[in-house]
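Each remark here refers to the structure printed beneath this line.
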Amino acid sequence: MELVIFIGLQGSGKSTFYQKHFGEDYAYVSKDLLQNNRRPARRQLQLIEEELQANRSVVVDNTNPTLEDRAVLIQLGQQYGATVIGYYFVPEVKKSLERNQLRVGKERVPNIAIFATAKRLVRPIYAEGFAQLFSVQACDDFTFEISEWQEHDTRGSSG
Ligand SMILES: Nc1ncnc2c1ncn2[C@@H]1O[C@H](COP(=O)(O)OP(=O)(O)OP(=O)(O)O)[C@@H](O)[C@H]1O
Ligand SMILES: [Mg+2]
């Protein structure tokens with residue numbers, strides 16, 4: 001059983017990556033689906049817990065930029081004995097802005113939200129409790145390059 005945590009800017013390709021790389025054997029949880037909920041963060045934790053209780057792997061598709069955002073998820077995963085895996089979408093602000101610009105309706109976020117996340121984004125490290133960490137780079141042709149995340153890598157410190 002896995003708890004998969006995405007980390008990355010809006011428009012970095014997280015949801016697209018999920019659709020391409022994760023099958024039906026992964027439950028999908030995202031605060032984007034909880035926008036009408038009064039307490040989306042709390043509801044999201046409940047949903048994750050339900051899946052883990054039922055021994056199902058879960059993907060959490062949010063920006064998860066800070067240590068605090070991730071810590072509650074990681075703790076929950078560990079509580080249920082899940083293997084906690086992180087996917088870090090290496091930030092490229094310009095690309096995120098461009099991809100966001102191509103989106104329509106509710107999917108598109110204000111540009112300032114991308115800048116704000118970029119400012120808060122903390123690169124993940126194993127010490128947070130990840131069993132595995134990967135970096136993901138979205139290529140322009142809708143493919144994704146996945147590699148093992150080197151936490152001393154300098155990529156992603158600017159973008
Ligand atoms: N590898 C890629 N190549 C080209 N376009 C892409 C790629 N990945 C995603 N896109 C496009 O970029 C836009 C943003 O992608 P996506 O919705 O997956 O981002 P996201 O990280 O889930 O954003 P958010 O955090 O706002 O939900 C979409 O319109 C998508 O079609
Ligand atoms: Mg998304």
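Bear in mind these aren't lab numbers, they're just calculated from the coordinates by the rules spelled out. Since we're looking at a predicted model, the values are computed, not measured. Using ideal geometry, Cβ is built from the backbone for each residue, glycine included, and neighbour counts are taken over all protein chains shown.
Bridgeable lysines around Lys119 (alpha carbons under 18 Å apart, same-chain partners fewer than 8 residues away excluded): Lys94, Lys95.
In a DSSP loop and with at most 16 other Cβ atoms within 10 Å, the GluC sites (Glu not before Pro) in the stretch 17-70 are Glu24. Within the same chain, aspartates and glutamates fewer than 8 places from Lys20 are excluded, and of the rest, those with a Cα less than 17 Å from its Cα are Asp61, Asp140, Asp141, Glu145. Ordering Val122, Leu97, Thr143 by Cα displacement along the dipole of the chain toward the positive end leaves Leu97 in first place; charges were set at the Cβ atoms of Lys, Arg (+1) and Asp, Glu (-1). Note that the chain carries a Kirkwood radius of 15.9 Å, evaluated over its alpha carbons pair by pair. Beta bridges assigned by DSSP with both partners in the chain are antiparallel in approximately 20 percent of cases. With contacts taken as Cα pairs under 8 Å at a separation of at least 6 residues, the chain carries a relative contact order of 31 percent.
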